[in-house]
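Notes for the one structure printed next.
The values are calculated or read from the model by the stated rules, or taken from the named source; none is laboratory data. What you are looking at is a predicted structure, and each value in this text was computed from that prediction instead of being measured. Cβ atoms come from the backbone with ideal geometry, glycine included; neighbour counts cover every protein chain shown.
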Amino acid sequence: MLVLGASALIGFLFSFVLAAKQKTLTTFATVPFKTLAFVAVGLMGNNAFYLAAIARIGPAEANVVHYLWPVFLVVLASALHRRAPSVLQTVGITCGFVGVAVALSPQMGGNLDLIGVLLGACGALTFAIYSVGRSLAKVETNVVGPSLGLAGIAALAAHFAFEPVYWPTTGQWLAIVLMGIGPFTAANIFWDKATREGSAATISSLAFLTPLVAMMLLAVFGLGVVTIATVVGALFAILGAVLSAGSK
């Protein structure tokens with residue numbers, strides 16, 4: 001929680017400075033608390049579940065499970081509009097779950113951590129709920145930056161309450177700063193705007209290669225073992241997302 005909290009606060013400070021330069025501090029400071037809370041819980045919940053899953057089932061496997069979010073997104077969108085999923089969407093949903101099963105198959109011999117799988121799925125569901133909620137939002141200003149302040153405070157409070165206090169090294173602080181400015185702030189601002197203004201199919205298509213790219217990076221930096229089962233599982237997850245989005 002220390003890394004999440006510190007990254008979120010860095011993102012908040014970065015957004016605050018940006019708002020000051022753009023002379024939009026009034027808008028920055030008047031985002032409704034309901035919106036702040038929803039965005040904060042969505043972003044931090046997603047990341048917290050994902051990191052917890054990594055600790056139990058490994059980075060590559062957690063990545064595949066987490067990539068069920070486009071499938072959950074389709075299911076939630078269908079439910080929101082009170083219509084049953086189409087045949088293509090049903091096939092896509094099935095492919096997504098098959099992908100997870102294949103990716104986790106090497107651990108099926110008794111070493112499979114069901115809690116880790118559940119945590120990864122919870123992260124995917126959290127991000128899907130967050131994305132659907134933001135797609136319906138009427139607030140068009142930058143709500144991510146202000147929300148990161150609330151998220152950061154909550155995460156650091158959890159760290160000091162439940163985890164051993166730890167002070168990062170200089171190199172780790174640099175990584176936290178980059179994470180706060182990049183993935184936590186810039187990426188989420190673009191995603192927030194995309195969910196409200198972009199085509200759902202186009203948005204999903206841009207994310208289709210995420211599992212494979214992530215696994216390649218994990219392999220390159222030696223942070224995870226990428227097996228044939230993991231790659232095949234990721235391909236099924238991608239196929240599921242493509243079919244689900246393409247049928248909208």
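Among residues of the stretch 11-28 that are under 10 Å from residue 148 (Cβ atoms), those with a beta-carbon under 9 Å from a residue that is among the polar types (S, T, N, Q) and at pLDDT below 90 at least six positions away or on a different chain give the pairs 11/185; 11/188; 12/185; 14/185; 15/142; 15/185.
Checked against (1) at pLDDT 85 or above; (2) within 23 Å of residue 44 (Cβ to Cβ), residue 171 passes all but a single condition, namely (2). Among the residues making up the stretch 20-32, those that are modelled with pLDDT under 90 and either closer than 23 Å to residue 5 by Cβ or of a type outside the set (Val, Ile, Thr) (or both) are 22, 23, 25, 28, 29, 31, 32. A count restricted to the stretch 188-240 and to residues that are of a type in the set (S, T, N, Q), under 24 Å from residue 44 (Cα atoms) and at pLDDT 70 or above stands at 2.
Within the stretch 33-56, the set of residues being surrounded by 24 or more Cβ atoms within 10 Å (Cβ to Cβ) and farther than 18 Å from residue 184 by Cβ comprises 53 only. For the stretch 1-81, the helices (runs of 4 or more DSSP H) that sit wholly inside it and include 3 or more residues that are within 25 Å of residue 231 (Cβ to Cβ) are 33-57, 59-66, 69-80. Only one of the listed residues (60, 84) is at pLDDT below 75, crowded, with 24+ Cβ neighbours inside 10 Å and not hydroxyl-bearing (Ser, Thr, Tyr). That residue is 60.
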